[in-house]
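The block underneath contains the structure these notes are about, expressed in structure tokens.
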Amino acid sequence: EAGVVQSPRYKIIEKKQPVAFWCNPISGHNTLYWYLQNLGQGPELLIRYENEEAVDDSQLPKDRFSAERLKGVDSTLKIQPAELGDSAVYLCASSSNGGTQYFGPGTRLLVL
Amino acid sequence: GESVGLHLPTLSVQEGDNSIINCAYSNSASDYFIWYKQESGKGPQFIIDIRSNMDKRQGQRVTVLLNKTVKHLSLQIAATQPGDSAVYFCAEIYTGGFKTIFGAGTRLFVKA
């Protein structure tokens, strides 16, 4: 069974540019999470979806970050415009009904 | 919680020895706990979990101990191998609120 798929794996952009990350969760998992992970730290939740509904986006910086999961499967996380401090790893995870979360490999973002 | 930043706690063990990684959690209402292993360049990987109505659970070469009195979780790895070298995160989950909080992580270094 395929795990959580993320793309791209790496992204280098200049500040003020937009960037988007894509996630395909494990088949059948209705809960999808986007996390931010800074170097040497644990993942920090940005947003959680139950099917197509964002049920917890309290930690998402809504002035520049947005996310969508239109059909309740794949999801996209966008940053516009990116800032230097956004350099981090963006992890996607999925679970069945809020159970154990399984993570993708992450997208490593470097903002120059 | 307070982040460790770049200065992750590090545990260095000799190959074949047993390892014990500790974690203090914060929410007394957390009712589910998970240990994740994260290798360089990869997303966190599920190792073992435990529910709050248990105080011990064993897997293959790994044991998780839960002490709710002092809000402490530990991961024991038997006969540590070089492939166990990674950063280990504990996660506490309050299933009622779908809240998952990750600890700062401990870096395990296995000497051959």
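All of the numbers you see were taken from the coordinates with simple rules; none came from a lab. Here the structure is a predicted model, which is why all the values come from computation and not from measurement. Virtual Cβ from ideal backbone geometry, glycine too; neighbours counted across all protein chains shown.
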- Note on the structure: Quick calc, chain A, dipole around Cα centre from Cβ unit charges on Lys, Arg (+) and Asp, Glu (-), nearest 20 debye, gives 380 debye
- Averaging sequence separations of C-alpha pairs under 8 Å and six or more residues apart, then dividing by the length of the range B:58-112, give the relative contact order as a whole percent. 29 percent
- Message: Less than 10 Å Cβ to Cβ from B:SER30, Lys/Arg counted +1 and Asp/Glu -1: what total charge do the surrounding residues give?
- Response: +1
- Here the FRET efficiency for A:LYS15 versus A:GLU44, based on Cβ atoms and R0 = 30 Å and rounded to 0.05, is 0.90
- Message: Antiparallel versus total DSSP beta bridges in chain A: what percent is that, nearest 5?
- Response: 90 percent
- Task: List every residue whose amide H lies under 5 Å from the amide H of B:LYS99, counting only residues 5 or more places away in sequence or on a different chain, with H placed 1.01 Å from N in the peptide plane.
- Result: B:TYR94
- Task: Might you report the magnitude of the Cβ-based charge dipole of the protein assembly as shown about its Cα centre, with Lys and Arg at +1 and Asp and Glu at -1, to the nearest 20 debye?
- Result: 280 debye
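Would you kindly state how much longer the chain becomes between B:LYS71 and B:ASN53 on full extension, computed as 0.36 nm times their sequence separation minus their alpha carbon distance, in nm to one decimal?
5.2 nm
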- Message: What FRET efficiency comes out for B:GLN81 versus A:ARG108 if R0 is 25 angstrom and r is the Cβ-Cβ distance? Round to the nearest 0.05.
- Response: 0.40
- What order do you get for A:TYR10, A:TYR102, A:TYR35 when you list them from fewest to most C-beta neighbours inside 10 Å? A:TYR10, A:TYR102, A:TYR35
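Could you sort out which of B:LYS37/B:LYS99; A:LYS16/B:LYS99; A:LYS11/B:LYS111; A:LYS11/B:LYS42 sit more than 25 Å apart by Cα distance in this structure?
The pairs that break the limit, which is 25 Å between Cα atoms, are A:LYS16/B:LYS99; A:LYS11/B:LYS111.
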- Item | Calculated SAXS-style log₁₀ I(q)/I(0) at q = 0.11, 0.21 Å⁻¹ - chain B, Debye, Cα scatterers | -0.33, -1.17
- Task: Treat the count of other C-beta atoms within 10 Å as a stand-in for reagent exposure and order A:SER7, B:SER28, B:SER52, A:SER75 from fewest to most.
- Result: B:SER28, A:SER7, B:SER52, A:SER75
- Task: Could you work out the relative contact order of chain B, using alpha carbon pairs under 8 angstrom and six or more residues apart, expressed as a whole percent?
- Result: 37 percent
- Exactly which chymotrypsin sites (Phe, Trp or Tyr not before Pro) in the range B:61-103 are in a DSSP loop and have at most 15 other Cβ atoms within 10 Å? none
- Averaging sequence separations of C-alpha pairs under 8 Å and six or more residues apart, then dividing by the length of the range A:38-112, give the relative contact order as a whole percent. 23 percent
